[in-house]
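> Below is one structure. I have some questions about it.
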Amino acid sequence: MSDIDEFIRADIPPSGDGCVECERLGSWWLHLRRCAFCGHVGCCDDSLHRHATKHAHDSGHRVIQSFEPGEEWFWDYTTETAFEGPVLAPPRAHPRSQTTPGPADRVPADWEEQLAGNA
Ligand SMILES: [Zn+2]
Ligand SMILES: [Zn+2]
């Protein structure tokens, strides 16, 4: 078993349809990422809060997979490389009905300016 396989548990389902912390905060996100170890769904580094990366740093869970429909890539925070991994437990993306950014009812009218100011 290689190192990285220890951080991928294909049988763990995702935590939900949206970023765990943003749901708690009443915030919104651009794209979603899924922790390959515990299923935590968090927002991407182009989102305001970057909860996926925060989760990886706080927990030591170093591998994520995109939680966007049609995207299969994995990312290893330790080696900073993308790779192809196993098929994780479904669902493997947020519902297609969810907007990007999302969720639709919490995205502010000036979301593009907010993200530009966040870069
Ligand atoms: Zn978030
Ligand atoms: Zn995790």
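> Measuring with a 1.4 Å probe in the full set of protein chains, what accessible area per residue, in whole Å², belongs to the chain?
On a per-residue basis, 54 Å².
> Ignoring ligands, DNA and RNA, what percent of the 1.4 Å accessible area of the chain is carbon and sulfur?
Here it works out to 51 percent.
> Once Lys and Arg get +1 and Asp and Glu get -1 on their Cβ, which of Val107, Gly85, Ser97 lies farthest toward the positive end of the dipole of segment 76-117?
Ser97
> How do Glu71, Glu80, Glu21 stack up against each other in accessible area, from largest to smallest, with a 1.4 angstrom probe?
Glu80, Glu71, Glu21
> Under the rule that a partner needs its Cβ under 4.7 Å from the first Cβ, which Cys of the chain have none?
Cys35, Cys38, Cys44
> Going highest first, how would you order 37-44, 59-66, 97-104, 22-29 by mean Cβ packing within 10 Å?
Final packing ranking: 37-44, 59-66, 22-29, 97-104.
> Taking the Cβ-Cβ separation of Arg96 and Asp58 as r and a Förster radius of 30 Å, what is the calculated FRET efficiency to the nearest 0.05?
With R0 = 30 Å, the Cβ-Cβ based efficiency is 0.50.
> Now for a separate question. Taking the Cβ of Asn118 as the centre, find all other residues whose Cβ is under 15 Å away and add up their charges (Lys, Arg: +1; Asp, Glu: -1).
With Lys, Arg at +1 and Asp, Glu at -1, the net is -3.
> A further question on this structure: Compute, for Val20, the solvent-accessible surface of its heavy atoms (probe 1.4 Å) with the complete set of protein chains present, and express it in square angstrom to the nearest 10.
My reading of the accessible area for Val20 is about 40 Å².
> At q = 0.24, 0.27, 0.29 Å⁻¹, what base-10 log of I(q)/I(0) does the Debye formula yield for segment 3-58 when every alpha carbon is treated as an equal point scatterer in vacuo?
-0.88, -1.04, -1.14
> What percent of all Cα-Cα pairs in segment 55-119 falls in each 10 Å bin, counting up from 0?
17, 34, 40, 10
> So what's the back-of-envelope 222 nm ellipticity for the chain, counting only DSSP H runs of four-plus at -39500 (n - 2.57) apiece and dividing by all residues, rounded to 500?
Value at 222 nm, helices only, nearest 500: -5000 deg cm²/dmol.
> Ranked by accessible surface with a 1.4 Å probe, highest first, in what order do Arg96, Arg9 come?
From most accessible down to least: Arg96, Arg9.
> Which value in Å is the Kirkwood Rh of the chain over different Cα pairs?
Result for the chain, one decimal place: 14.4 Å.
The values are calculated or read from the model by the stated rules, or taken from the named source; none is laboratory data. Here the structure is a predicted model, which is why all the values come from computation and not from measurement. In this analysis, Cβ positions are derived from the backbone assuming ideal geometry, glycine residues included, and neighbour counts consider all displayed protein chains. With ligands, DNA and RNA removed, areas are computed over all heavy atoms of the protein, side chains included. Shrake-Rupley method; radii C 1.70, N 1.55, O 1.52, S 1.80 Å.
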